[in-house]
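These notes concern the structure reproduced below.
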Amino acid sequence: MAHDSSDDTRPLADALCRALDLAEVADVRQLSGGASRQTFTFTATGDDLPARRLVLQRERPGGTERAVGVAAQAAILRVAARAGAPVPALVDHGDDDGIGGPWLVTEHVEGETIARRILRDEEYRDARSVLTVQCAAALAAIHRIDCTSIELPESDDILLDWRDLMDGYGHPHPAFELAFRWLADRRPPSVRRGLVHGDFRLGNLIVDGSGLAAVLDWELAHVGDPIEDLGWLCVNAWRFGGSEPVAGVGRYDELLDAYETASGVAVDPAHLRWWETFGTLRWGLICITQSEAHRQGRHRSVELAAIGRRVCENELDLLELVT
Amino acid sequence: MTHGQPHDTPTAAELVEAAREFIEGELAASVDGRLAFLCRVTANVLATAQRELVLGPAQAIAHAERLGSLGFGDDVELAAAIRSGELDDRLVDVTAVVRAAVIDKLRVANPAYLERSGVGVEPEVGHGDDNPAGAAP
């Protein structure tokens, strides 16, 4: 859905002009709008700068319980860029400034985010062949970041936290109980703690003809075992129908070899499988959370309602992983 | 399905089907972009409801029988027993029961997922297409 700078986006354009001290903001288009966040692109013109395309991320206050705020996201974008991770350059951020919620503005990065196109279109054929190695290198860079100065969530017991979330909804899921028991019996040794992106997968990555161009969507960043990010990238839902386990395009051994080359950290395949299993369970619980946002009236949406009936897909995937 | 009920035809499943056909056909053809996407999502939701109306009653009986074979009355009891560890020495039987229930849920929610996963499934009413509700959170 695209809006041009008609009357309905004029107040937003004016607010952006003031907040970013720009001469002109034009061609405001909404890219997406979810329960917790909306994304827009716009053309910015400064007094002595040529026109450039920027991206606004605007949060709905109280939209997502577990999300980190824009200040922390901005801090991460700064240190991630310095660490060599491909991220969009930060322009500015603020709490409201007439924009209508906490906001973050970055440079626009050309490329594609829609998984279906990245996995199937001819123009991404070369990108697909290098994407696994590039994702491993980007994750290694992210995991090297010293995030001690940034206020980020950190869980004492990730299984307990997610079980509590499930219990809060009051729907029994025997398949999830089997997965929780499997995970509890096989916890990997938590030798390394560091920055975890938290949602590193197709859909949140900008891919161009030569591969990974930028890592987006840092609002689920937290401190934890970095291998969580590798496991999440292998979750069946994030293969989008692709035949290979890593983002639909890569093999497990390719991912682990490239990650070891880039980070110096050798990862046991069983460690990766634990996090893939946890990630599959987590996505199932996020599906419940999203459908509950609809059911409880926080965000009425047929799309969110539909997601509730995707939970059984995760249950089947989990049974394949734990039996 | 109207046997034992006072209602006339079309049946509830047939009404849902009619609504789905309108959305998939005339409505979807007259919009584009986000509205076209939401038409696909809505048609899928109605296809799920239609399949549940047709398959649900028999699935409920089969589900109760499977739970009964383990000595449980509902999923709440089964979930609690798995969590407590009391079923740890019967996990093969328990997993088979849980798996059968998950397959029944997918027969209603997304039969195409079973085919992709290599789990056998007979043709059902409606059609599970590529589930466009698979958008990012």
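Structure notes:
- Note that the stretch B:6-17 has calculated 3J(HN,Hα) couplings of x, 6, 7, 7, x, 5, 4, 4, 5, 5, 4, 4 Hz, one per residue in order, obtained from phi through the Karplus relation 6.51 cos²θ - 1.76 cosθ + 1.60 (θ = phi - 60°); glycine and proline are x.
- For a paramagnetic label modelled on A:T261 (point 7 Å from Cα along Cα→Cβ), amide N atoms under 20 Å away belong, within the stretch A:126-156, to A:126-144.
- Descending semi-axes in whole angstrom, ellipsoid equivalent of the stretch A:238-323, from the Cα gyration tensor: 31, 13, 12
- Computing FRET efficiency as 1/(1 + (r/R0)^6) for A:R251 and B:Q5, where r is the C-beta to C-beta distance and R0 is 41 Å, gives about 0.15.
- Whole-Å distance, taken between Cα centres, linking the stretch B:16-72 and the stretch A:236-294: 29
- Averaged over peptide A:218-230, the number of partner chain Cβ atoms lying within 10 Å of each residue's Cβ comes to 0.
- Cα-centre dipole for the protein assembly as shown with unit charges at Cβ (Lys and Arg positive, Asp and Glu negative), debye to 20: 260
- Peptide B:105-111 has a mean shielding of 4, counted as Cβ atoms of other protein chains within 10 Å of each residue's Cβ.
- Distance between the modelled labels on B:A100 and A:A23, one decimal in nanometres: 7.4 nm (7 Å Cα→Cβ projection).
- Residue-span extension gain [A:R125 to A:E320] - 0.36 nm each, minus C-alpha spacing: 67.2 nm
- Net charge over other residues, Cβ less than 11 angstrom from the Cβ of A:D208 (K, R count +1; D, E count -1): -4
- Each other residue within a Cβ distance under 12 Å of A:T148 adds +1 if Lys or Arg and -1 if Asp or Glu, for a net charge of -2.
- Derived scalar couplings ³J(HN,Hα) [the stretch A:105-115; Karplus, 6.51 cos²θ - 1.76 cosθ + 1.60; whole Hz; x for Gly, Pro]: 10, 10, 5, 7, 10, 5, x, 10, 10, 6, 4
- Estimated FRET transfer efficiency (B:A29, A:R193; beta-carbon r; R0 41 Å; 0.05): 0.15
- Just so you know, the Rg over Rh for the stretch B:12-123 is 1.12, from Cα atoms, with Rh as the Kirkwood radius.
- Legend: mean number of C-beta atoms from other chains within 10 angstrom of residue C-beta atoms, peptide A:258-269, equals 0.
- Every Cα-Cα pair of the protein assembly as shown was included, and the share exceeding 42 Å stands at 19 percent.
- Förster radius 25 Å - calculated FRET efficiency between A:D268 and B:L91, Cβ distance, rounded to 0.05: 0.55
- Options A:L22, A:A140, A:W238, ranked by Cα towards positive dipole end of the protein assembly as shown, top entry (Cβ charges): A:A140
- Taking 0.36 nm per residue of separation and subtracting the Cα-Cα distance, full extension of the segment from B:A58 to B:S84 would add 6.3 nm.
- B:F22 sits among other residues whose Cβ lies under 14 Å from its own Cβ, and their net charge, with Lys and Arg +1 and Asp and Glu -1, is -3.
- Under 19 Å from the B:D74 label point (7 Å along Cα→beta-carbon), backbone N, the stretch A:153-179: A:166-177
- Simple rule: put +1 on each Lys or Arg Cβ and -1 on each Asp or Glu Cβ in chain A, find the dipole, and look at A:V91, A:P102, A:Y252; the Cα lying farthest toward the positive end is A:Y252.
- The modelled label-to-label distance between A:I114 and B:A12, using points 7 Å beyond Cα along the C-beta direction, is 3.7 nm.
Values in this text are rule-based calculations from the coordinates and carry no lab data. The structure presented is a predicted model; accordingly, all values stated were derived computationally and were not measured. For neighbour counting, all protein chains shown are included, and Cβ atoms are generated from backbone atoms with ideal geometry for every residue, glycine included.
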